[in-house]
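Colleague: Supplied in structure tokens, the structure appears directly below.
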Amino acid sequence: MKSGHRIVWTDNALDELRRTLHYLESSFSEKEINRLANKIESVLRNISKYPELYPETIERDGVRRAVVAKFNTMYYRVNISNDQIEILSFFSNRESPKN
């Protein structure tokens, strides 16, 4: 049985994730950081196994939106031809959507 699609993070998504973790480290406990990490891992497992589980965005064709936590949303694109999922953004919902 296939274990799932390969997950690839863009530089932009990794930068956004780093900024989010930096913010959490300065403002929240390790327990909160671990809770977010567990939620991220759960969403990534779901995306890997069921890439069409989360809805497509209205704004961009082929880009899907997975709410990770109240303040964080992951945007990704499925590339079936090379069996990979590209994480495009780890967006902080505290920011303006225009960013």
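Colleague: Neighbour counts of other C-beta atoms within 10 Å: give me S89, S48 arranged from fewest to most.
Modeller: Numbers: S89 19, S48 16.
Exposure proxy ranking, most exposed first: S48, S89.
Colleague: Let me ask something additional. Report, in degrees rounded to the nearest 10, the 0 to 90 angle that the Cα long axis of helix 30-49 makes with the longest principal axis of the chain.
Modeller: Tilt relative to the chain: about 10 degrees.
Colleague: In addition: Within a 10 angstrom radius of the beta carbon, how do K39, K31 rank from fewest other beta carbons to most?
Modeller: Result, fewest neighbours first: K31, K39.
Colleague: Starting from the Cα-Cα distance between D11 and N34, subtract it from 0.36 nm times their residue separation and give me the gain in nm to one decimal. Each step should come with its number before you reach the end.
Modeller: On the way: separation 23, 0.36 × 23 = 8.28 nm, distance 2.24 nm.
Extra length from D11 to N34 when fully extended: 6.0 nm.
Colleague: Here's something else I'd like to know. Tell me the label only: which of (1) 21, 18, 10; (2) 23, 16, 11; (3) 30, 15, 11 is semi-axes √(5λ) of the Cα gyration tensor in Å as calculated from this structure?
Modeller: It is the value labelled (2).
Only the coordinates and a few stated rules stand behind these numbers; no lab work does. If you're wondering where the values come from, they're calculated on a predicted model, not measured in any experiment. All Cβ positions, glycine included, derive from the backbone under ideal geometry; neighbour counts span all protein chains shown.
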